Amino acid sequence: MPLTINAEQPEHTADIEYLLDIAFGPGRFAKTAYRLREGVEAVPGLSFITTAGGELRASLRFWPVLIAGKWDALMLGPLAVDPARRGKGIGLDLMRHGLDAAREAGHHRVMLVGDAPYYAKVGFSRELGKGLTMPGPVDPTRLLAIALIPGAMDGVAGKVGKTR
């Protein structure tokens, strides 16, 4: 069955929440990244889903953040893939699509909290995320970033916070 990537629509919300629950469990809300999303809308036009045969297979959202109070950035996440379909490249394809859309929309940098070997496959690096800190507990080796345009992460460092 072919996979398709589409923009997230309001009617997908319940299915996405179910996918997030089975992918990450109820403890996901306690994570620092979720605190940065509270009361903030995902970036319009940068929330996507992957479907096959009309069924949700994966979901991806981007959120606006501000680094050190002066650099606009996007925070990628959560990226959720149906646990029964992991390891097939669905998440990587969805991320590539989302990062291309973010670049086309004029965004310059993206950060996330995640597993470096996995996210390196689409260009994220620990080196670019080294100067970042979060407003709560996060393993610093999991702070990753990517420059969507050359040099966009040069000199970027500080605490990641909500946009103004």
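The numbers here are math on the coordinates, done by the rules we state, and not lab data. Just so you know, these numbers come straight off a predicted model, no measurement behind them. FYI the Cβ positions are ideal-geometry reconstructions off the backbone, even for glycines, and counts take in every protein chain you see.
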| task | For I22 and E127, compute 0.36 nm times the residue count separating them, minus their Cα-Cα distance, and round to one decimal in nm. | result | 34.7 nm
| query | Which of the listed residues, P44, M95, V160, is farthest toward the dipole's positive end in the stretch 3-162, when Lys, Arg count +1 and Asp, Glu count -1 at the beta-carbon? | reply | V160
| message | Could you tell me the center-to-center distance, by alpha carbons, between the stretch 105-126 and the stretch 31-99 in angstrom? | response | 11 Å
| request: Quick one: dipole size for the stretch 4-123, taken about the Cα centre, charges +1 on Lys/Arg Cβ and -1 on Asp/Glu Cβ, in debye to the nearest 20. | output: 500 debye
| query | Of the lysine pairs in the chain, how many meet both conditions: Cα atoms under 22 Å apart, and a spacing of 8 or more in sequence or different chains? | reply | 10
| task | At 7 Å along the Cα-to-beta-carbon direction for both D100 and E38, put a label point, then send me their distance in nm to one decimal. | result | 3.7 nm
| What length, rounded to one decimal in nm, is gained on full extension from E55 through to V138, with 0.36 nm per residue of separation minus their alpha-carbon distance? | 26.6 nm
| note | One point scatterer per Cα, no solvent, Debye formula: log10 I(q)/I(0) for the stretch 31-90 at q = 0.15, 0.18, 0.23, 0.29 Å⁻¹ comes out as -0.54, -0.72, -0.96, -1.20
| message | Taking the 0 to 90 degree range and rounding to the nearest ten, how far is the long axis of helix 90-104 tilted relative to the main principal axis of the chain, both from C-alpha atoms? | response | 50 degrees
| task | Enter the angle in degrees (range 0 to 90, nearest 10) between the Cα long axis of helix 13-24 and the first principal axis of the Cα atoms of the chain, meaning the one along which they spread out most. | result | 70 degrees
| remark: A convex hull over the alpha carbons of the chain yields, per residue, a volume in Å³ of 112 Å³
| How big is the antiparallel share of DSSP beta bridges in the stretch 3-162, given as a percent to the nearest 5? | 90 percent
| M134's amide H: which non-local residues (gap 5+, or another chain) put their own amide H closer than 5 Å, with H modeled 1.01 Å from N in plane and none for Pro or chain starts? | V160
| remark: Computed over the Cα atoms of the stretch 80-164, the Rg and Dmax in Å are 13.4, 40
